[in-house]
Structure formats: structure tokens, C-alpha cells
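A quick write-up on the structure given underneath.
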């Protein structure tokens, strides 16, 4: 179980406007045992965010390349 509230709005608005949307989600803790990695392993969390950003940018680039081909 997780708490994520923004992607449904993203998909809904994208659908209403006729555009493709996507979402990438990550975790920063465990709600069942109250473990949060913000304080303990902040470096790993920041590295994961950077990887996610690279993945998203590469995906957008590839999508645009195919669209314009």
C-alpha cells in the first residue's frame, strides 16, 4: 500500500486534453513499519531521484524522436 495522489490527476487531465501522459514513482519509506530513508540513507535516495530523472528525460527524447521520424 502506498500514498500517491498526483498521477490520477495527471492521467485524467491528459485524457481530457487528448495527450499522452506517464508517471514514474519511487518509494522513500515503508508505511507498515514506519521506516523512512530520508534521514538514514539520503545519498541513496538522491541517487535514485537522479536515475529517475534521467529515465524520464531519455523516454521523452525517444518519444519525440519517433514522433518526428
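Quick note: the coordinates plus some simple rules give every number you see, no bench work behind them. The model shown is predicted, which means the values in this text are computed figures rather than measured ones. So basically every Cβ, Gly included, is an ideal-geometry build from the backbone, and we count neighbours across all protein chains shown.
A P(r) calculated from all alpha carbon pairs of the chain, with 10 Å bins opening at zero, reads 16, 34, 33, 15, 2 percent. With R₀ fixed at 30 Å, the C-beta to C-beta distance from residue 66 to residue 43 puts the FRET efficiency at about 0.30.
Computed from Cα atoms, the angle from the helix 6-17 axis to the main principal axis of the chain rounds to 10 degrees. Compared with the dominant principal axis of the Cα atoms in the chain, helix 42-68 is inclined by about 10°.
State, as an integer percentage, the relative contact order of the chain based on alpha-carbon contacts under 8 Å between residues 6 or more apart. Before the final figure, lay out the partial values.
Numbers: 21 pairs, mean separation 13.1, N = 69.
After rounding, I find 19 percent.
When 11, 61 are arranged by Cβ crowding within 10 Å, least crowded first, meaning fewest neighbours, the order is 61, 11. Once the C-beta distance of residue 5 and residue 52 is scaled by a Förster radius of 22 Å, the resulting FRET efficiency is 0.75 to the nearest 0.05.
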